[in-house]
Amino acid sequence: MIDVGNPTGGARVVKSTLITGLWSLALMALGWAMSGCGAVGADSGSTSRRAERLVITGSSTVAPLVAEIGKRFEASEGVRVDVQTGGSSRGIADARSGLADIGMASRALGAEEEDLAGFTIARDGICVIVHRDNALTELSDPQVVEIFTGRLANWQAVGGDEREITVVNKAEGRSTLELFLKHFALDNRDIAASVVIGDNEQGIKTVAGNPGAIGYVSIGAAEHAVARGVAIKLLPMSGVDASTETLSAGIFPLARPLTLVTHGKTSALAQRFINYAGSPAVYDLVRELSFVPAG
């Protein structure tokens, strides 16, 4: 194609050929890129579906149950269920702000929470626990108040061994604390706490590790711990045994619902989870964790 007799013309031909070739390469590259983008787009769609998830935050009492329910829901729905603890107050706040799809609260919703919707998935209670080796089998309500306010500081004063009492209290933001204080007509400032803990497991471990300790936790969590051989025991409250049996019979004095909480319009996925979590399909999980089914 090069005209040797006309250098200028030859240069023009070479230039034209190079430009044509470059355009061809560019078009081919564009085609490959568009083809690649199409493939990525299709894959991204399936990835997005696979990555669909629910974020559920809040009560450490409700969390173990929701985590187990979540595993089954994940298997049937092909989605991810992300369960995080932090207390009922966090569950309420995260549901309101949209940080969570669903909040968890180990209590009923209050009058100031009318903007929220609550769904009961199980029932639980709050019980006083002591070390398994503690000789006491019962405390009256006034004795519980005197111990937690520091007016009684030794177990001998209530018929136990000569041993200093270690009061284990719950941290702010926990509904277990709120309900315990309300039941005994106390303010948190009245509590003479030796140790402040967060979730039930921390409370159980603290009491199990200290023969002089006393605390209060979820009945479900405490019964589950006893079944595993943890060194605690549940004390009656107001003369009523602390157990899932008395909860189920409706006679335990400090009972509460375990609640899933939403705010505003609930997504279809979140509503399916809520319906599933309150259904007979998971009653076996509720009972395994020593709670009482809602139905």
Using Cα pairs under 8 angstrom and six or more residues apart, how large is the relative contact order of the range 60-204, in percent? 22
Please compute the contact order of the range 124-249 in relative form: average sequence separation of alpha-carbon pairs under 8 Å and at least six residues apart, divided by the residue count, as a percent. 41
For the pair residue 172 and residue 132, how long in nm is the line joining their label points, each one 7 Å along Cα→Cβ? 3.7
Considering the dipole of the range 124-249 built from charges on the beta carbon (Lys and Arg +1, Asp and Glu -1) around the Cα centre, which of 209, 157, 237 is farthest to its positive end? 209
Based on the Cβ-Cβ distance of residue 248 and residue 190, what FRET efficiency does E = 1/(1 + (r/R0)^6) give at R0 = 41 Å, to the nearest 0.05? 0.80
Name the aspartates and glutamates eligible as straight-distance cross-link partners of residue 265: C-alpha to C-alpha under 13 Å, and not fewer than 8 places from it in the same chain. 101, 115
Need the C-alpha centroid separation for the range 162-188 versus the range 232-274, integer Å. 19
Convert each backbone phi in the range 112-125 into a coupling constant with the Karplus relation 6.51 cos²θ - 1.76 cosθ + 1.60 (shift: θ = phi - 60°), then list the ³J(HN,Hα) values in order as whole Hz, x for Gly and Pro. 7, 10, 5, 6, 9, 10, x, 10, 6, 10, 5, 10, 9, x
Please report, in debye to the nearest 20, how large the charge dipole of the range 124-249 is about its Cα centre when each Lys and Arg carries +1 at its beta carbon and each Asp and Glu carries -1 there. 200
Please list, in chain and number order, the residues 5+ apart from residue 100 or on another chain whose amide H is under 5 Å from its amide H, with Hs placed from the backbone. 95
From phi via Karplus (6.51, -1.76, 1.60), per-residue ³J(HN,Hα) for the range 267-283 in Hz, x at Gly/Pro: 5, 4, 5, 4, 5, 5, 5, 4, 4, 5, 5, x, 9, x, 5, 10, 4
Going Cα to Cα from residue 233, which lysines come in below 21 Å? Please leave out same-chain ones fewer than 8 positions away. 170, 205
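Where a number appears in this text, it was derived from the coordinates with a stated rule and is not lab data. Owing to the predicted nature of the structure, the values given are computational and were not obtained by experimental measurement. Cβ atoms come from the backbone with ideal geometry, glycine included; neighbour counts cover every protein chain shown.
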